[in-house]
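Shown next, in structure tokens, is the structure this report addresses.
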Amino acid sequence: MPRLDVDEQWFVALDVDGTIMHEDGSIDPEVVVAVAAARDRGHIVTLATGRSWATTAPVLEQLGLTPEYVVCANGAITMQRDDSAPGGYLRRHVETFDPTLVLERIRGFLPSGKFMVELPDGYRLYTEGMTEWNLENAREVRFEELLDQRATRVVVTSLEHGLDEFFGIVDQMGLHHVSYAIGWTAWLDIAPDGVNKATALERVRGWLDLPNDRVLAAGDGRNDLEMFAWAGAAGRAVAMGQAPDEVREAANEVGGPVDEAGLAAVLDSLP
């Protein structure tokens, strides 16, 4: 297959959960083929995910991708390929914050909430009941042990609340000086202030010296809103068909749902 000229390459940033991958962790073969074909045509295809690096690396393996840069933890961590590093990547850029004040404030509104803090090296500390997350490279601690840390990410769940009720509680919190996104269910993902997928991807675009009118971002969640604004300003922002209304409205294209391998057609539409 002939490769594209440099002036035809697109910088492609893909969310993982709900975009590439189903809820059960499977990836449609059509999507794997489309990702590989886009890469083989010469497009620069990477991941931009809320996942930690530990849970992102296996997705790269499943896709057969080895991009120069990978955005994790909703933009707080950017990995760079380095064949001499363990696992083939090192942390190129890490954003941290002290989560103490925000944790204490949230706990005041959600006293039965479950909490997890991710440290700069990827190790995670979590409170009792945080059972729905991958808890490898992690340990359970008392809430007080989460405080006074340098964190790249905080996750809060309160699964006894419905999503609308949870939205209302989060509005009452008045969270300041952090970036946050609410997931499909009652969980809150918190990053350092001003940090999101878009800030990290724009940094990567600068490092790679790529034009901003040939960027494509695909996603399905509220943590993709800034990424859509970034990509859609001059390029393509594609929401998956099953995304919430506010996410679809923030995109300038809507693809098929993940259950129909909708990402494959999006990638196949590239030159």
statement: The orientation-averaged projected area of the Cα convex hull of the chain, in nm², is 13.7
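Report, to two decimal places, the Cα Rg of region 1-142 normalised by 2.2 N^0.38 Å (N = number of residues). The partial results should precede the final answer.
Numbers: Rg = 17.7 Å, N = 142, 2.2 N^0.38 = 14.5 Å.
Compactness ratio reported: 1.22.
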query: How large is the helix-only mean residue ellipticity at 222 nm for the chain, computed as the sum of -39500 (n - 2.57) over DSSP H runs with n ≥ 4, divided by its residue count, in deg cm²/dmol to the nearest 500?
result: -8500 deg cm²/dmol
- line: Bridge orientation stat for region 99-190 from DSSP, antiparallel percent rounded to 5, came to 85
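So for the chain: antiparallel DSSP bridges make up what percent, rounded to the nearest 5?
Values: 28 of 47 bridges.
About 60 percent, rounded to the nearest 5.
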task: Express the accessible area of the chain per residue in Å², computed with a 1.4 Å probe while the remaining protein chains stay in the model.
output: 44
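Work through the residues other than residue 199 whose Cβ is under 9 Å from its Cβ and net out their charges, Lys, Arg +1 and Asp, Glu -1.
Numbers: positive: 197, 203; negative: 95, 202, 226.
Value of the local net charge: -1.
The values are calculated or read from the model by the stated rules, or taken from the named source; none is laboratory data. Note that the structure is predicted; figures quoted are calculated from it, not measured. Backbone-built Cβ (ideal geometry, glycine too); neighbour counts: all protein chains shown. SASA here: full protein model, heavy atoms, side chains in, ligands and nucleic acids out. Shrake-Rupley method; radii C 1.70, N 1.55, O 1.52, S 1.80 Å.
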